[in-house]
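Structure first, commentary second.
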Amino acid sequence: IFSLFWLVASTRKSDTVPMSSGRYFHVWGKVQGVMFRQTLIRAAQKRNLKGAATNLKVPQKNEVEFYLAGDNAKIDEIVSFMQSGKDLNSWGAKVEKLVEMSSGKAFTDHQVTTDNVDNFNW
């Protein structure tokens, strides 16, 4: 299955690495109850990015806010795959809409981060 797991396994190197101090995103789709946050954070870790994500409390349970910081090309790689409309993992996580925001939650205010994912109670 071609999925975000491909993103977890692959990396891309470049000579010039434009770094991001932090980019904020909001996604809608099948993104809660399907390990979307863990899949996203593992993809960030494999690319040496700092990442964080939070399920938003909405009745439809279809929204997540997330943050990524580091190499912009690697962030763009993750974002592009999410926008492809393909399943992101074997649980069927899928993004229907993605918007980059000008600001968002601070890294430490998110539920799951690259710092706590190994100890998070799923």
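The values are calculated or read from the model by the stated rules, or taken from the named source; none is laboratory data. As the structure is a computational prediction, the values presented were derived from the model and not from experiment. Note that each Cβ is placed from the backbone with ideal geometry, even for glycine, and that neighbours are counted across all protein chains shown. The accessibility values were calculated without ligands, DNA or RNA, using every heavy atom of the protein model including side chains. Shrake-Rupley method; radii C 1.70, N 1.55, O 1.52, S 1.80 Å.
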Q. Which is the longest part of the chain that has none of the trypsin sites (Lys or Arg not before Pro) sitting in a DSSP loop with at most 10 other Cβ atoms within 10 Å?
A. 58-122
Q: Kindly provide the helix-only [θ] at 222 nm of the chain, computed as the sum of -39,500 (n - 2.57) over DSSP H runs of four or more divided by all residues, to the nearest 500 deg cm²/dmol?
A: -7000 deg cm²/dmol
Q. Looking at the chain, how many pairs of lysines come closer than 21 Å at the Cα, when each pair is eight or more places apart or spans two chains?
A. 27
Q | the chain, accessible area per residue, ligands and nucleic acids excluded (1.4 Å, Å²) | A | 54
Q) At a 1.4 Å probe, what is the % contribution of carbon and sulfur to the accessible area of the chain? A) 47
**Q.** Cα-based convex hull, the chain, per residue volume (Å³, whole number)
**A.** 100
(Q) For residue 96, what residues show an amide H to amide H distance below 5 Å, using hydrogens built from the backbone and excluding near sequence neighbours? (A) 28, 29, 30
